[in-house]
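**Q** First, the structure itself, so that you have it in front of you.
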Amino acid sequence: MLINHLLPCGALTDDGASFWLTLREQEKLDLLRLLRSVRLFDRRMVLWQRQGKIGTYAPIEGQEAAQVGSAYALDKTDWIFPSYREQGVAYTVGIPMTSVIQYWSGQIEGCKPPAGYRYVPPTVPIATQLPQAVGAAWAMKKRGETGIAIAYFGDGATSEGDFHEALNFASVYDLPVLFFCQNNGYAISVPFSEQSASKTVAERAAAYDMDAYQVDGNDVLAVYDVVKTARGKQRPVLIEAITYRTGAHTTADDASRYRSEEEVRIWLNRDPLYRYEQLCLSEGLLDEDELIQEDGQVTKQLDRAIREVEKYQPNLPMGLFQHVYHQIPECLKKQQEEVASYADNGSIHC
Amino acid sequence: MLTMVQSIADAQRVALEADESVLLLGEDIGKNGGVFRATEGLWKQFGSERVIDTPLSEAGIVGSALGLAMGGFKPIVEIQFLSFITPAFEQIVSHVARMRLRSQGTFSNSMVIRAPYGGGIGAPELHSDSTEAYFVHTPGLRVVVPSSPFTAKGLLLGAVECPDPVLFLEPLRLYRTQKEEVPADHYILPIDRAKVIKQGEDVTLIGWGAMISLLKEADQLLLEQDISAEIIDVQSLSPIDEVTIFESVKKTGRAVIVHEAPRTCGVGAEIAARLSEEVIDSLEAPIKRVAGYDVPYPLFALEHAYLPSTDKIVRAVMELVYFQ
Ligand SMILES: Cc1ncc(C[n+]2csc(CCOP(=O)(O)OP(=O)(O)O)c2C)c(N)n1
């Protein structure tokens, strides 16, 4: 059963109305600000890619509620294992935007989490982060910590062996790990109906004797509610957030080759930001002017962030060699010197 | 005139037309025509029974391709990027490469596994790695790398005809950089031969794939210094055509091997070892490697520093030419 608190028009369902009553005003406003900022950020990234300021980029437009709502339910001590399409999660938990921009600019420094964070660098090989999240949850359980580990992944990831292996381990050892699937309809060009013969991702949980939720992923309230509840269980839970990426798979992809404009239009009408804005406006939480003013501030911050990243000076030769091993092995010193010699004579153009 | 990626699509079209048992399997190869368009138009022409969009599962793709081969089909599999072949590693090294031996020639393991690979295009993390050595280290499997649109089509069709499994590595950097005349019909180039693409006297430059254009550029710079280089395109990394390499180095007395993969246990190490075993008497200087450093392929802001360059090649050649 699909859990839904907020309808596309911005009206609350009965369950939604009860949940809304439990929220503090700060939470309501945070969710709104996060959704808006994340959309602004994501659109800026697409623009910067077009302008050649960053590399290939995987947009999240349409998936903001799934990312913001889930990440907002997390605790600072939770382990987060993102895929490459989790900029909204990063933003919500407080990863600096300079780091995210750096990552998409091919700068390894962007992978380093701020002190105290258990935010793992983005995972590119599909589904490989899932067993790792299981291990991190296992470590927490063994140490008697109360947090959880959450793994983010797409619908395509459910076809990889790692997905099944992770769910099985989590269930066998009864570990506090949330498997958060954003079913955005496609794995690049392959629709979920061709990816899987089971109709939902959530139903896979039954095979592992695991709890599961299927939630409207464009409904920030329902996602927040579900992840909060799942988090409280301290057990393995599979969550399927039904959503849609309204943009391309990446800036290198042409989505018109595999899906119709009509389908996209249907999903634009289910926009996660619009419906929550409607709710907040009708509840008198904010007015349009305040929103516009805040957008201006966020944009300014983002522009500062990209300017900072653009100042990047390649750290050579160390950028290639440090952190590969805990100490640079003796036999790599010669290679390091070679890189230095090219950097010095200017023949490595940066 | 075709680019390499077009010639690869063309080769697959010809293969599908020529042989009913040929099947294409991979992620996004159908409706989307492949993320690089290496199967452009084929789904439309041959339908989804022969050009198959699979679930996102490399072990599933390669394992079932082996079963299909055993059952009488000829799979051509696309792995979206070489880095993502790893979930299928088990299937490849434990089964695809060994089924002929283990069934004592009873079951076919004939298939082509195509994968774009290599760096230099500013791609995201884990989209630029050159991991050919893992596979060259796997007996039973052939590894072939084209370096131009013309050789890509002929070698790919050669791989399709080959009774052994072939890993066909497509240098990403060359997908669209060159156009050349490619015959429209079926033609085959031998997949077990290295090619001398330029004759020279003083030094043999040995490479494959995207390195070939780099070697040609380096050769121009060397000519200005009055150094005459012979260039060998290895093409077949496994089994390797050592004779062609030996003959060249016997003549020039000097060898520089160039590859993007990390130096340690790269294919260059194997070539250097064979040269030192077989032609040491002809060598005027040590054998040199210009290779990637022994570090993970960097995120793209530093890839220029990691990759072989004409500077690095020229420097290596100079060291050999002026070796005392
Ligand atoms: C193991 C592996 N195979 C293939 C790829 C290439 N690839 C990148 S994203 C993608 C589709 C992923 O789809 P999904 O899991 O639904 O996540 P989404 O991109 O929709 O967020 C593919 C095939 C990869 N990154 N890793």
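**Q** If you restrict to DSSP beta bridges whose two residues both lie in the range B:195-321, what percentage is antiparallel, to the nearest 5?
**A** 20
**Q** Test of understanding: in a Gaussian network model of chain B with alpha carbons linked when under 10 Å, which of B:Leu302, B:Leu189, B:Leu221 would top the mean-square fluctuation ranking?
**A** For chain B, modelled as a Gaussian network with Cα springs under 10 Å, the answer is B:Leu302.
**Q** Per residue of B:287-298, how many C-beta atoms from partner chains lie within 10 Å of its own C-beta, taken as a mean?
**A** On the way: counts 0, 0, 0, 1, 1, 2, 9, 8, 13, 4, 1, 7.
For peptide B:287-298, the averaged partner shielding equals 4.
**Q** How many percent of the accessible area of the range A:237-350 is carbon or sulfur, using a 1.4 Å probe?
**A** After summing per-atom areas, the C and S share lands at 47 percent.
**Q** So how many Å³ per residue does the convex hull of the Cα atoms of chain B work out to?
**A** Taking the convex hull of the Cα positions in chain B, it is 125 Å³ per residue.
**Q** Next up: Based on the Kirkwood radius over alpha-carbon pairs, what is the Stokes-Einstein translational diffusion coefficient of the protein assembly as shown at 4 °C with 1.567 mPa s viscosity, in µm²/s?
**A** In µm²/s, the coefficient rounds to 48.
**Q** Can you give the calculated 222 nm mean residue ellipticity of chain A, where each DSSP H run of n ≥ 4 adds -39,500 (n - 2.57) and the sum is split over every residue, rounded to the nearest 500 deg cm²/dmol?
**A** Helix contribution divided over all residues of chain A: -14000 deg cm²/dmol.
**Q** Can you work out the FRET efficiency for the pair A:Asp287 and A:Tyr117, with r the C-beta to C-beta distance and R0 = 35 Å, to the nearest 0.05?
**A** With a Förster radius of 35 Å, E is 0.50.
**Q** Report the full-extension gain for the segment A:Leu2 to A:Leu21: residue separation times 0.36 nm, less the Cα-Cα distance, to one decimal in nm.
**A** Details: separation 19, 0.36 × 19 = 6.84 nm, distance 2.09 nm.
Contour length minus Cα-Cα distance gives 4.8 nm.
**Q** Under a 1.4 Å probe, what is the accessible area of the protein assembly as shown per residue, stated in Å²?
**A** Dividing the accessible area of the protein assembly as shown by its residue count gives 41 Å².
**Q** Applying 1/(1 + (r/R0)^6) with R0 = 41 Å to the Cβ-Cβ distance of A:Lys76 and A:Arg257, what FRET efficiency is obtained, to the nearest 0.05?
**A** 0.45
**Q** Students often get this wrong, so check it: of B:Lys44/B:Lys74; B:Lys153/B:Lys250; B:Lys251/B:Lys312; A:Lys28/A:Lys228; A:Lys334/B:Lys288; A:Lys76/A:Lys228, which have C-alpha atoms separated by over 25 Å?
**A** Those over the limit are B:Lys153/B:Lys250.
**Q** A further question follows. Where the centre of each part is set by its Cα atoms, how far does the range A:180-231 sit from the range B:100-138, in angstrom?
**A** The range A:180-231 and the range B:100-138 have Cα centres separated by 33 Å.
**Q** Let me ask something additional. Report the B-A buried area as the accessible area lost on both sides summed, probe 1.4 Å, in Å² to the nearest 100.
**A** Chain pair B/A: roughly 3300 Å² of buried accessible area.
**Q** Using r as the Cβ-Cβ distance of B:Arg193 and A:Cys331, and R0 as 35 Å, what FRET efficiency do you calculate, to the nearest 0.05?
**A** 0.50
**Q** Would you mind working out the magnitude of the charge dipole of the protein assembly as shown relative to its Cα centre, with +1 at each Lys and Arg C-beta and -1 at each Asp and Glu C-beta, to the nearest 20 Debye?
**A** Its charge dipole is roughly 580 debye.
**Q** For the range A:2-312, rounded, prolate or oblate, judged on the Cα gyration tensor with a ≥ b ≥ c (square roots of eigenvalues), a/c < 1.5 rounded, else prolate if a/b > b/c? Let's see the in-between values first.
**A** On the way: a/c = 1.28, a/b = 1.15, b/c = 1.11.
Because its axes are fairly even, with a/c under 1.5, the range A:2-312 counts as rounded.
**Q** Same structure again: Each label point is 7 Å from the Cα along the Cα-to-Cβ direction; what then is the distance between the points at B:Phe107 and A:Met318, in nm?
**A** Output for this residue pair reads 5.4 nm.
**Q** Anything losing 10 Å² or more of accessible area from the isolated chain to the full protein assembly: pick those residues out of the range A:64-109, probe 1.4 Å, ligands and DNA/RNA ignored.
**A** A:Tyr103, A:Trp104, A:Ser105, A:Gly106, A:Ile108
**Q** At a 1.4 Å probe, what is the % contribution of carbon and sulfur to the accessible area of chain B?
**A** Carbon and sulfur together cover 52 percent of it.
**Q** Which residues, if any, in the range B:79-113 have at least 30 Å² less accessible area in the whole protein complex than in the isolated chain, probe 1.4 Å?
**A** Listed in order, they are B:Phe84.
**Q** Residues of the range A:147-195 losing 30 Å² or more of accessible area relative to the isolated chain, 1.4 Å probe, heavy atoms only?
**A** A:Ser159, A:Glu160, A:Ile188, A:Ser189, A:Val190, A:Glu194, A:Gln195
The values are calculated or read from the model by the stated rules, or taken from the named source; none is laboratory data. Everything numeric in this text was worked out from a predicted model, so none of it was measured. No Cβ is skipped: glycine too gets one built from the backbone with ideal geometry, and neighbour counts run over all protein chains shown. The area values use the complete protein model at the heavy-atom level, side chains included, leaving out ligands, DNA and RNA. Shrake-Rupley method; radii C 1.70, N 1.55, O 1.52, S 1.80 Å.
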